[in-house]
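So the structure is just underneath, and the comments pick up after that.
Just so it is clear, none of the values below were taken in a lab; they were calculated from the coordinates. Bear in mind that the values here come from a model prediction, so they are computed numbers and not experimental data. Quick reminder, even Gly has a Cβ in these numbers, built from the backbone with ideal geometry, and neighbours come from all protein chains shown.
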Amino acid sequence: MKEIVDDVQWFYMKAGAQRGPIDETDLSRLIETGALPPDTPVLQKGLAEWTAANATGQFASIQVSNSPVETAFSRPVLWALGLGLMLALSTGTALMILQSKKHNQAIHQKESELAGLKKKFNLNASALDQRAEEIDRWKKDGDAKDLENKTLKDLREEVNTQLGLAQSELETLRAKAAALQQDMQNKNTQLTQKSADAAEAKQLLVALQKQAKDLETQLQTMAKEIQQLQAELATAKSSPWKIEGTTPESDIKYNLNTGQMTATGGVRVEYHKGAPDAAEMTSDSGTLNRTTGDIVATGNVILRREGNIWKAERMEYNFRTRNIKSAQFRTGNLGQQSAAHDKPPPSKPKK
């Protein structure tokens, strides 16, 4: 590819209007991305001839990529992606709620087990208290010899054994209670985390829904712009008019609703080029109504028609009726005239 010089300025035509100046790099990018067709008329700043871009050495080798419109996502695909994401988030939220219910059921079951263990411990403690009361009663009722006999000794050993077992079971119950309490704390922590995740997922879902709506609005706006550009292109192809600037300072503006064109800095208007009723007018500035064919031109006005040339500083002309409504020629004034008399007054003979 030919090296691009960024300090070279270019003008180009788009939708019948002159645009620019822009750098050679930016113009190459517009052609490469498909924003401009390869045969777009271009004009290097400082020159006078317009040339198709693909006929110049600077832009002839540019490879045009696919149009951005063709690679954009379609609205059905975006809706499908959005609905899929919404379904996935809804399913995940439902699963987290179901898991939370299961955790709550497990916690209630552990609490019931702990209550049963506490009840059993209280029963064992009550039995030990009863045995201790019996011993105290035997001590009060018996004499020293009864306290020293083998039965009392066996009873003491049994009581001591029961006390040891009760103490061991009590430690086991305490360990189980501590484990249950820790498990409950862990479950509560997990439940809190799941709730936070569900809230975050809900916020994400709302944000995605908003983004989907915004994207849909942008796509609708883009579709309207594309339709408008297509309408402008169709109008330009079928129009009998050809309007272009004659200098790099030319500024041409269109009103699609009224069909009116306003130009400054030099403009050329061609009507039915190549046809019997063809006409061409150049001027420094002018206002043209393409619907009625009326034009008001000022400054260096030149009208060419059927091999004749009219020159004036100001002229009102109708391209469709071919009438010069009023004109101020350099050699004199011409008032209301028909097409049959559209000729400048003769100059005075020289003495």
In whole angstrom, note down how far apart the Cα centers of the range 6-31 and the range 247-281 are.
-> 20 Å
Using label points projected 7 Å from each Cα along Cα→Cβ, tell me how many nm separate residue 45 and residue 226, to one decimal.
-> 3.4 nm
Subset of 101/202; 14/224; 119/187; 118/187; 119/150 violating a 30 Å alpha-carbon distance limit = 119/150
How large is ³J(HN,Hα), in whole Hz, for each residue of the range 254-263 in order, when computed from phi with the Karplus curve 6.51 cos²θ - 1.76 cosθ + 1.60 and θ = phi - 60°, using x for Gly and Pro?
-> 10, 10, 5, 6, 9, x, 9, 10, 10, 9
Please name which of 160, 116, 199 has its Cα lying farthest along the dipole of the range 75-220 towards the positive end, using unit charges on Cβ (Lys, Arg +1; Asp, Glu -1) and the Cα centre as origin.
-> 199
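Hey, what's the Cα Rg ratio for the range 9-71 versus the globular rule of thumb, 2.2 N^0.38 Å?
Normalised Rg, Cα atoms only: 1.05.
Dividing the convex hull volume of the Cα atoms of the range 272-334 by its residue count, what figure in Å³ per residue is obtained?
Working: hull volume 4.7 nm³, N = 63.
Spread over its residues, the Cα hull of the range 272-334 gives 75 Å³ apiece.
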Mind checking which of 106, 172, 218 is farthest towards the positive end of the range 75-220's charge dipole, using Cβ charges of +1 (Lys, Arg) and -1 (Asp, Glu) about the Cα centre?
-> 218
The range 8-67: trypsin sites (Lys or Arg not before Pro) in DSSP loop, at most 12 other beta carbons within 10 Å = 45
Label residue 260 and residue 54 with points 7 Å out from Cα along Cα→Cβ: what is the distance between them in nm?
-> 3.9 nm
With label points built 7 Å along Cα→Cβ from the Cα atoms of residue 99 and residue 135, find their separation and express it in nm.
-> 5.4 nm
Using every pair of alpha-carbon atoms in the range 75-220, split the distances into 5 Å bins beginning at 0 and state the percent of pairs per bin, rounded to integers.
-> 2, 8, 11, 10, 8, 7, 7, 6, 6, 5, 5, 4, 4, 3, 3, 3, 2, 2, 1, 1, 0, 0
